[in-house]
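Structure first, commentary second.
Throughout, read-outs are computed from the coordinates displayed, never taken from laboratory work. Quick caveat, the model's predicted, so the values are computed rather than measured. Neighbour counts run over all protein chains shown; Cβ positions are idealised from the backbone, glycine included.
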Amino acid sequence: MTYNTSISNTTCRPQKLVIFIPIFLSVIFLIGCVLSALSLYTFWFRFKKWKTGMIIQFHLALSDMTIVPVAPFMISCFSMANHWPFGQFLCQLKVFLLFIHMYGSIYFLTLVSMHRYITVVRLTKHNIFKDQRFVKSICVGIWIFLFINALPFFFVLKTSEGYNITQCLRVHQTEMSTVYFTWSMVILFPGFIIPFGVSVTCYILLGSYIVKMDTTLARGKAMKVKSIGMIAVSLVTFLVCCLPVQVSRLVAVTVKQFHPESCELLYKIEDIYYISIVFANVNCCLDPLLYWFTSRKFQEAFKSTLSALRCHCKEQNQQNFNTDNSTTAARPVD
């Protein structure tokens, strides 16, 4: 990619994105939407009684689906050289839902790690994480926290006009650079570093416990396999989907705030940031693996959902085939 640096000292010309970004984003959104929708259907219709772990996983799947309403707008924007033609309100709504999607995933993944550690390692009769009312209250509290923290975007976020395009949440919006920098610094610790630290701590303690676990019994072996799978998926989700976008965004707003004339550096960081956004949405595809490793019942129910879907598709195709044949048979012959 070539960079245009023949511009003013304070404003960098927005660059076009490489074509694979909207293509990959479309594929990821499609796969993630299907998997998340199937997971939600499985949770809602295949289980009459929910355990506390399933309640947390349902809310994680729900947070994954919050990206669906704005996904077509994001893909269209990336396809039009980052031009946002949909107005300021939809820009604010996009960022509002992006915030809930990203940080909802982080917080519910952290809750999953805490739940797994406490229910496996700190197993007691009076385990608070076995109390459904307590777990539901925590999940509702997370949603309230997310909404309160995302609501200011409707008041402070604005679109910008320049170079014949409208920008929405771009590092090149000079008038928004202080807001972006301040917000990125404020959200860094409560939004990522603390949840990530809690998750890693829980998984280290859980890992050291299951290494010593007796696997001669089938139950112990199954628990070890499930725990290792869950730890692997969760850490990959944090390291691939959450960490790159947090770091690249922080570097981008810092460079824009203190070195706005460094356009070529900003362009390179921006490339990395938008690629990291693609990977950030891979969590919609990875989270169903978490449900799969956590519960054998979910595996069976998910397989049942897929089987029912295949049967429905076959029946629909057969009905269409019979209808076409009937229409052909009834057609008069010249």
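Among residues of the range 125-145 that are of a type in the set (D, E, K, R), those with a Cβ under 6 angstrom from a residue that is in a helix (DSSP H, G or I), sequence gap 6+ or separate chain, pair up as Lys130/Thr52.
Condition check ((1) surrounded by fewer than 20 Cβ atoms within 10 Å (Cβ to Cβ); (2) part of a helix (DSSP H, G or I)) across all residues:
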| residue | (1), (2) |
| --- | --- |
| Leu98 | no, yes |
| Tyr103 | no, yes |
| Tyr107 | no, yes |
| Leu111 | no, yes |
| Tyr117 | no, yes |
| Gly141 | yes, yes |
| Phe147 | yes, yes |
| Lys158 | yes, no |
| His172 | no, no |
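Results for (1) in contact with a Cys (Cβ under 8 Å, 6 or more places away or on another chain); (2) touching a residue at least 12 places away in the same chain (Cβ under 8 Å), shown as yes or no for each residue.
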site: Phe153; (1), (2): no, yes
site: Thr159; (1), (2): yes, yes
site: Leu169; (1), (2): yes, yes
site: Thr178; (1), (2): no, yes
site: Thr182; (1), (2): no, no
site: Gly197; (1), (2): no, no
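Restricting the range 119-135 to residues that are among the basic types (Lys, Arg) and not in a loop (DSSP other than H, G, I, E, B), the residue that is surrounded by the most Cβ atoms within 10 Å (Cβ to Cβ) is Lys130.
Quick one: which helices (runs of 4 or more DSSP H) sit completely within the range 201-299 and have at least 3 residues that are under 23 Å from Ala71 (Cα atoms)?
Details: elements: 218-236, 243-258, 263-280, 283-294.
Helices (runs of 4 or more DSSP H) meeting the threshold: 243-258, 263-280, 283-294.
For first residues located in the range 33-52 and over 15 Å from Ser295 (Cβ atoms) and touching a residue at least 60 places away in the same chain (Cβ under 8 Å), partners that are surrounded by 15 or more Cβ atoms within 10 Å (Cβ to Cβ) and of a type in the set (D, E, K, R) and lie 6+ apart or on another chain with Cβ distances below 9 Å form the pairs Cys33/Asp64; Leu35/Asp64; Leu35/Asp287; Ser36/Asp64; Ser36/Asp287. Just one of the numbered conditions (1) closer than 21 Å to Ile277 by Cβ; (2) touching a Cys at 6+ places or on another chain (Cβ under 6 Å); (3) of a type in the set (A, V, I, L, M) is not true of Met114: (1).
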